[in-house]
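*Asks:* Encoded as structure tokens, here's the structure I'll be asking about.
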Amino acid sequence: MFTGLIERKGQIESIAKEGGAGSLQIRAQGWDRPIQIGESIAVQGVCLTVTHQQEDLLFFDVLAETFRCTNLGSKQAGQPINLERALRQGDPLGGHMVQGHVDSTGQVRAITPVDRDFRVEIDCGSEIHKYIVYKGSIALDGISLTVAAVDDQGFAVHIIPHTWEVTTFSDLKVGDAVNLEADPLAKYVERALLSHRDVLPVDWESVRQGGYDLFKQE
């Protein structure tokens, strides 16, 4: 379990594919405690297991499904990558509950400076769009963010200068693929509603009629 607060920006040393699956080597320094073999680290928002360590070089095995469903397969050696270690009991919950289970990838539609900040617009598919609500939480490349606006094609977030500088946001370009993980709470709510539809027929239209505008603009 993670919170979407990036601890380090590492660099891809190498990425290899054998058939569908493969491996990833990432160079990262300055951890506050030693990395342990077998521990979980969110790599660009994807929960991976450390299989080996060589000084500041971390090794990960990557499933074919992970390459298929995330943007890791399109990464290249030398590119920066977001890293977050798994939560320990007593750690502060500064972002939101992130599982490291990427739902899908989105595509950067626009990047616009807004005073000191940046507005980033993302296009996404219906499989995750239904979970995204105005002022709700979204993990984008492993970063916990608040949804600033929602439209029919996707959503927008605002990035403060600190987040822009210490994460891979500063390297983003229009057209880039980004990993998306919806707030898991939304999935549990959907599951509960669907399993009780005969008793409590609630749908998104009735929610809107109740005064909850899921597509509110700024």
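The values are calculated or read from the model by the stated rules, or taken from the named source; none is laboratory data. Keep in mind that what you see is a predicted model, and the values were worked out from it rather than measured. Positions of Cβ are backbone-derived with ideal geometry, glycine not excepted, and every protein chain shown enters the neighbour counts.
*Asks:* From VAL114, VAL120, which residue is in contact with a Phe, Trp or Tyr (Cβ under 8 Å, 6 or more places away or on another chain) and at pLDDT 95 or above? Working first, answer last.
*Replies:* Numbers: VAL114 fails: in contact with a Phe, Trp or Tyr (Cβ under 8 Å, 6 or more places away or on another chain).
Sole residue among the options that is in contact with a Phe, Trp or Tyr (Cβ under 8 Å, 6 or more places away or on another chain) and at pLDDT 95 or above: VAL120.
*Asks:* Taking the conditions exactly as written (in contact (Cβ under 8 Å) with a residue 60 or more places away in the chain, acidic (Asp, Glu) and closer than 30 Å to GLY136 by Cα), does GLU39 satisfy them or not?
*Replies:* Numbers: in contact (Cβ under 8 Å) with a residue 60 or more places away in the chain: no; acidic (Asp, Glu): yes; closer than 30 Å to GLY136 by Cα: yes.
No: the conditions fail for GLU39.
*Asks:* Related question: For ALA177, indicate whether it is closer than 23 Å to LEU93 by Cβ and in contact (Cβ under 8 Å) with a residue 60 or more places away in the chain. I'd like the intermediate steps shown before the answer.
*Replies:* Numbers: closer than 23 Å to LEU93 by Cβ: no; in contact (Cβ under 8 Å) with a residue 60 or more places away in the chain: yes.
So ALA177 fails the test.
*Asks:* Just name the residue that is nearest to the chain's Cα centre (by Cα) out of those in region 117-174 that are under 21 Å from ASP103 (Cα atoms) and of a type in the set (Ser, Thr, Tyr).
*Replies:* Selected residue: SER144.
*Asks:* How do the helices (runs of 4 or more DSSP H) wholly within region 152-218 filter down when requiring 1 or more residues that are modelled with pLDDT of 75 or more: which remain?
*Replies:* On the way: elements: 161-166, 184-195, 204-209.
Result: 161-166, 184-195.
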